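The values are calculated or read from the model by the stated rules, or taken from the named source; none is laboratory data. Predicted model, so just to flag it, every value in this text is computed and none were measured. Accessible surface areas use protein heavy atoms only, side chains included; no ligands, DNA or RNA. Shrake-Rupley method; radii C 1.70, N 1.55, O 1.52, S 1.80 Å.
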Amino acid sequence: MEDQDILAKFADPAARNVAFNQLVRKYQTKVYWHIRKMVVDHDDADDLTQDVFVKVWKHLENFRQDASLYTWIYRIATNECLSFLASKRRKFFLPLNDVGAELAAKIEADPSLAGDDIELRLQKAILKLPDKQRLVFNLRYYDEMPYEQMAEVTGTSVGALKASYHHAAKKIEQYMTQTLITTD
């Protein structure tokens, strides 16, 4: 079902619940994996996904359609992720490196995230990035999101996003090279 159809249905109070269920079915998996790549832990990603759709429910009738529905939902999910990670650091007084190490340990312990050695090293390298660089890298590399759409999601200029992605890719390349040398 097209977003415009969902929005039209949502505008009708009698069809609102049906429309929202269709919206959730359409975007839930994408939103979950977008969040999961940022927070790693399944339970945290599940909770945040639910929080995102609660916010979507509360604010959908005020959605101005400046951006696509998909972009708007991703913006909410992105903000939830960044707030969650910042809160986690403040709550436990953790520097960025400790949060990355904690998330890396979760990757190793979670059988559903297990992959080959290269994939595991890539995931660890991504977790070493600052949150916003990790976000940009995930959106571009995994979601193959165009920079223009990323700019709408993040509220950042296309040029800054390209620079951020470039820096993230270089850091990942350095990490992968270093770990390859130290494991051989």
Accessible-area value, HIS59, 1.4 Å probe, nucleic acids and ligands omitted, Å²: 90
Of LYS26/LYS124; LYS55/LYS132; LYS88/LYS162; LYS26/LYS55, those spanning more than 19 Å from alpha-carbon to alpha-carbon: LYS26/LYS124; LYS55/LYS132; LYS88/LYS162
Contour minus Cα-Cα distance for TRP33 and GLU148 (0.36 nm per residue): 39.3 nm
³J(HN,Hα), Karplus 6.51/-1.76/1.60, whole Hz, each residue of segment 38-48, x for Gly, Pro: 8, 9, 6, 5, 4, 4, 4, 5, 4, 4, 5
Phi to ³J(HN,Hα) by Karplus 6.51 cos²θ - 1.76 cosθ + 1.60 over segment 23-35, Hz, x for Gly, Pro: 4, 4, 4, 5, 10, 4, 5, 4, 5, 4, 6, 4, 5
